[in-house]
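J.: There's a structure below that I have some questions on.
The values are calculated or read from the model by the stated rules, or taken from the named source; none is laboratory data. Only a predicted model underlies this, so the values are computations on that prediction, with no experimental measurement involved. Cβ: placed from backbone, ideal geometry, glycine included. Neighbour counts: every protein chain shown. Each accessible area value is taken on the protein alone, full model and side chains, heavy atoms only, with ligands, DNA and RNA left out. Shrake-Rupley method; radii C 1.70, N 1.55, O 1.52, S 1.80 Å.
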Amino acid sequence: MVGVPGRSKGCHTCLKRRVKCDEARPTCKRCEKAGYACAGYERKLEMRFHTFSDQAEPATSASTKTSKDPPPTTGGVPQNLVLRSNDSPPSSSGSMPQELSFVAFRDNIQFSYLFDNFVWSSYGSPWLQMSAEGKLDALSLEACRAFSLTIFGRHHRQAEIEVNGAIHYDKTVRALSSRLSNVGAPGSENLIVPIMILLMHSSSTPDPQASAFHIQGLLKLIQICGPERFATGPLRFAFESCRATLVTVSLITRTRTFLEQPEWLSEPWAICGEYNKNPQNRLVDILVHIPGFLQDQAQLEQAPSEQFRLELIQRIEYQIAKAHNWRWQWEEMNPTVAWEVDPETLPADQLLTQPRPVRKVLVFSSFTKAAELSLYNAILLFLLGVLWTLKPPEQESPPSVRLPTTQPAGAGTGAALFLPGDVDSLVEPAVEICRAFEFQLLASKSSRDSALFWLFPLGLASKALEDNLDYLAWIKSMLDASQVTRGYGTGGNTFGFGFYRLPKIRRKCSKQRPMIQPQYDSDSVRQLSEGSSSPDAFV
């Protein structure tokens with residue numbers, strides 16, 4: 001081998017025949033004279049294990065230099081080749097040199113690195129994983145390849161891989177642009193998956209125009225196709241993620257979304273059955289009405305109308321009643337879903353932050369349950385914030401941090417969680433979001449459950465707690481505990497936490513805990529569910 005002393009540079013045929021090669025190019029003359037087919041000179045890649053460190057190990061003896069003992073292994077794999085997560089500390093053997101190229105290994109690890117990001121993997125479960133496995137269509141696989149290559153290359157400063165990802169991205173965009181010109185044709189609903197992946201790709205870059213382009217593509221696609229075409233297979237899961245994204249955009253822009261219309265609340269789940277809609281999506285059914293409330297609130301400020309204000313309050317209270325009913329049903333179905341433990345009982349590597357403003361750690365039976373409770377509290381924060389702006393509470397006082405009253409073991413989640421009727425300010429739901437998020441971070445590495453909203457609830461909580469420096473410091477330390485969420489709200493992702501506005505007010509506590517039911521007739525319920533007319537109609 002070239003550059004390796006003692007290795008022949010002859011052709012493969014002469015090496016096998018154990019004769020001296022004349023090394024003529026492109027084929028060996030000795031092989032031609034002997035009537036053999038020359039196999040050429042190309043050498044196969046040899047994999048060798050090396051340890052990179054700042055200082056070379058001192059030589060001790062000749063036997064040490066020539067030792068052929070295999071390198072240390074982890075699960076049968078050499079430690080210096082083990083793919084580590086984003087949060088794993090660097091190996092004690094030293095860091096990998098910058099000039100070492102990943103190009104030869106990219107097809108094996110690009111998707112693994114992508115799904116090591118728990119925010120993306122939980123948001124895109126299971127359609128993103130199916131795209132990477134090629135189980136959907138070629139365009140989805142191409143979009144997923146572009147996304148994974150770009151992320152991997154950028155995070156590891158491998159320009160060639162990042163450029164290759166950009167090439168795949170451009171190829172996917174061109175193919176999508178061509179197919180979007182015929183939206184509505186049979187099969188065009190399948191485009192929701194590659195567009196969603198490209199939106200995730202663009203959201204990781206500082207170019208907001210690309211994200212806006214993909215959002216417009218999603219809006220055009222799903223409105224033309226209609227809700228019934230997203231009721232089957234992985235398309236429904238992709239639609240659920242898409243709905244969460246579009247609702248977030250509507251919250252930011254404070255504009256009503258078509259997703260609050262009845263057909264969009266039922267038809268995508270017509271095949272699986274309305275009763276099989278999971279708890280997170282039942283909460284999103286409430287969340288989709290909030291952008292309309294914000295738009296109506298803004299219009300009310302421009303054109304004051306007492307009758308329209310009262311009608312808007314009714315619609316908000318109706319959605320609060322639905323949220324409370326969801327919480328009571330969730331409590332009934334999950335009586336022992338959460339409990340508190342002393343931080344000393346947790347392994348040292350699982351305690352995310354010190355010091356903590358809350359003494360005990362809130363533990364859930366699963367990652368999914370923590371995500372559901374966080375989303376519920378986020379919706380409650382939004383609804384109560386808007387309601388108390390339109391209808392100030394009877395008693396106002398500065399918000400204070402209060403935790404649930406400790407109850408005996410076996411008393412249900414009420415021992416650790418707030419129930420409807422316990423909440424007398426925006427602070428309590430915000431604190432519960434922070435405690436649930438802490439558990440989500442702890443459980444993220446071992447769970448790949450779906451989470452439609454990862455950081456949205458914490459963003460609302462940060463605004464409700466913005467006057468409490470201890471809690472803000474806790475939120476920041478939790479975000480900084482993982483490379484995936486580090487800097488969110490303070491670095492390049494300030495857009496994420498910047499649009500939340502909540503009133504600093506406190507409501508008089510109600511000691512009653514009834515099963516809250518909306519007190520309206522069927523016609524009123526239909527009107528309250530489907531929206532209302534403009535305030536101009538009441539002037």
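J.: Output ³J(HN,Hα) for the range 469-478: one whole-Hz value per residue in order, computed from phi by the Karplus curve 6.51 cos²θ - 1.76 cosθ + 1.60 with θ = phi - 60°, and x for Gly and Pro.
T.: 5, 5, 6, 5, 5, 5, 4, 4, 5, 5
J.: Grab the eigenvalues of the alpha-carbon gyration tensor for the range 105-228, scale each by 5, take roots, and send me the semi-axes largest first in whole angstrom.
T.: 24, 15, 13
J.: Now for a separate question. Taking θ = phi - 60°, what integer Hz values does the Karplus form 6.51 cos²θ - 1.76 cosθ + 1.60 yield along the range 312-323, in sequence order, with x for Gly and Pro?
T.: So the J values, rounded to whole Hz, are 5, 4, 4, 5, 5, 4, 5, 5, 5, 4, 5, 5.
J.: Can you send over the solvent-accessible area of Asp207, 1.4 Å probe, protein chains only, in Å² to the nearest 10?
T.: About 70 Å², ignoring ligands and nucleic acids.
J.: For the residue pair Glu133 and Asn276, what label-to-label distance in nm results when each label sits 7 Å from Cα along the Cα-to-beta-carbon direction?
T.: Going by the 7 Å Cα→Cβ label model, 1.8 nm.
J.: Relative to the Cα centre, what is the charge dipole magnitude of the range 105-228, using +1 at the beta carbon of each Lys and Arg, -1 at the beta carbon of each Asp and Glu, and rounding to the nearest 20 debye?
T.: Around 160 debye, computed over the range 105-228.
J.: Hey, which of these cross-link pairs are over 32 Å Cα-Cα: Lys369/Lys463; Lys135/Lys322; Lys135/Lys369; Lys360/Lys445?
T.: Exceeds cut-off: Lys135/Lys322.
J.: How far apart, in nm, are the 7 Å Cα→Cβ label points at Ser446 and Gln297?
T.: Taking the simple label geometry, Ser446 and Gln297 are separated by 4.0 nm.
J.: Report the extension gain between Ser366 and Glu466 in nm, rounded to one decimal, defined as 0.36 nm multiplied by the number of residues separating them, less their alpha carbon distance.
T.: Taking 0.36 nm per residue and subtracting the Cα distance, the gain is 33.1 nm.
J.: Another one. For the range 227-364, which whole-number percentage of the solvent-accessible area (1.4 Å probe, protein heavy atoms only) is attributable to carbon and sulfur atoms?
T.: 55 percent
J.: Which order do you get for Lys16, Lys369 if you rank them by accessible area with a 1.4 Å probe, largest at the top?
T.: Lys16, Lys369
J.: Here's a follow-up. Can you pull the accessible area of Leu472 for me, 1.4 Å probe, Å² to the nearest 10?
T.: Number for this one is 50 Å².
J.: Modelled label-to-label distance, Ser112 and Leu419, 7 Å Cα→beta-carbon offset: nm?
T.: Each label point is offset 7 Å from its Cα along the Cβ direction, giving 4.8 nm.
J.: Further, regarding this structure: Could you work out how much longer the chain between Ser188 and Met333 gets when fully extended? Use 0.36 nm per residue separation minus the Cα distance between them, nm to one decimal.
T.: Gain on extension, Ser188 to Met333, equals 48.3 nm.
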